[in-house]
1. I need a count of the residues in the stretch 58-76 that are of a type in the set (A, V, I, L, M, F, W, C) and more than 20 Å from residue 10 (Cβ to Cβ).
2. Hey, does the stretch 202-217 have a residue that's part of a loop (DSSP other than H, G, I, E, B), of a type in the set (Ser, Thr, Tyr) and out of contact with any Cys (no Cβ under 7 Å at 6 or more places or on another chain)?
3. Is there a residue being under 21 Å from residue 176 (Cβ atoms), among the hydrophobic types (A, V, I, L, M, F, W, C) and buried (at least 17 other Cβ atoms within 10 Å of the Cβ) anywhere in the stretch 259-280?
4. Only one residue in 301, 352, 297, 320 is part of a helix (DSSP H, G or I), closer than 21 Å to residue 208 by Cα and either touching a Cys at 6+ places or on another chain (Cβ under 9 Å) or within 16 Å of the ligand (Cβ to nearest atom) (or both), so which one is that?
5. Limited to the stretch 109-168, what total is found for residues that are among the aliphatic types (A, V, I, L, M), more than 29 Å from residue 5 (Cβ to Cβ) and in contact with a helix residue (DSSP H, G or I) (Cβ under 9 Å, 6 or more places away or on another chain)?
6. In the list 287, 246, which residue meets the criterion of being surrounded by fewer than 21 Cβ atoms within 10 Å (Cβ to Cβ), among the aliphatic types (A, V, I, L, M) and within 16 Å of the ligand (Cβ to nearest atom)?
7. Examine the stretch 305-317 for a residue that is touching a Phe, Trp or Tyr at 6+ places or on another chain (Cβ under 7 Å) and within 16 Å of the ligand (Cβ to nearest atom), and state whether such a residue exists.
8. Among (1) closer than 21 Å to residue 134 by Cα; (2) within 16 Å of the ligand (Cβ to nearest atom); (3) assigned to a loop (DSSP other than H, G, I, E, B), which single condition is residue 282 missing?
Amino acid sequence: MTATASRVLVLNSGSSSVKYQLLDMHNTESKSGSAAGRLAVGLVERIGEETSRLAHTPLGTGGAKRETEGPIADHTAALKAVAAELAADGLGLDSPELAAIGHRVVHGGLKFSAPTVIDDEVLAEIERLVPVAPLHNPANITGIRTARALRPDLPQVAVFDTAFHTTMPEYAARYAIDVETADAHRIRRYGFHGTSHAYVSRKTAELLGKAPEDVNVIVLHLGNGASASAVAGGRCVDTSMGLTPLEGLVMGTRSGDIDPAVTFHLKRVAGMDEDEVDVLLNKKSGLIGLCGDNDMREIGRRIDEGDAQAKLAFDIYIHRLKKYIGAYSAVLGRVDAVAFTAGVGENAAPVRAAAIAGLEEMGMAVDASLNAVRGDEPRLISPEYARVAVAVVPTDEELEIAQQTYALVSA
Ligand code: ADP
């Protein structure tokens, strides 16, 4: 990397999509606002179909969003199309300004507890983790291979969703099942959304004017996927997702916690096979299974119209959330802050109000007028008298990946 190179391209490769952002790391800290340092953002979707779509916004030049539709055969073609869009803005992948590419990798197992420069051995290890992350790691690997082929000389860094959770004590990470079976098949609780939990817990400490080491935070990452974590002094001590992202909170389409015997029952009594049960619990459960909608905005509208099914789905969602707030309060002993983040956490004031309602004895309360304020900045929504700060802290996984990547390659 040259001394002046200060740009990082962040790639989040899914099975049929690639999300990307190009950031200038010299500018991300110096300005406030979520657009700070962002030169370009974009998304390629429906890769492999006739109707692929690329949406690219050159934020750095203030240019308008450009959208192109037409078949993009595979990830190589997708990344080439992204590179062409960036080059059109003078931000090509061949620029000496580009310091590194940071890849979001979902599963890092036990081996990767920190961002890691990718070489052949690291890539092989990410491949060895495919059996525990069959839906996610293969797409991440394709993205890495494609980017390495385009710029073999450039440092490429893997930032793992699981890394922040590797500090969980063994008693929180292990399931209470036969140890030999668990170890033979690497069955344990890994947790996900770690990049978000790390970023949000640190930002929450900042909001309180304290060092992360001095603060205990419960982070509630409520997007379409949702997870909670207990962060003690900057280190994760428990999180709600497990071997896979299915465990824990009620999500948009996932059941979250469930008696595992339900799965045997579905096989024995309903005649479903593993794949059908998998689809049922991951894609047809949670909010969508309960009421037919997984968007909290639509559920809110239906509740306002007196829809009892939508209200029950909301109540089940909130009940689970409350259970985790209670459990993690006990795990942490002392809670300084509860932080809401991601699509639902950042936008759905009724969810925040309902999740904290009735927890005054635990020192938690929400001020209705503060809760109604919308914005992109971290903010407190608890009244001054409350012992525990309740906060809305917008997450920024791309910035966190870029910062971790840049810190590693410029060290
Ligand atoms: P993911 O990254 O897991 O796909 P996001 O963090 O983008 O999810 O969250 C998406 C969810 O956020 C949507 O499904 C919707 O339920 C919720 N959401 C987004 N905007 C709002 C809003 N204004 N009010 C309520 N819920 C919202």
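1. The total comes to 2.
2. no
3. no
4. Residue meeting the stated conditions: 352.
5. 5
6. 246
7. no
8. (3)
The values are calculated or read from the model by the stated rules, or taken from the named source; none is laboratory data. Nothing here was measured: the structure is a model prediction, and the numbers come from that model. No Cβ is skipped: glycine too gets one built from the backbone with ideal geometry, and neighbour counts run over all protein chains shown.
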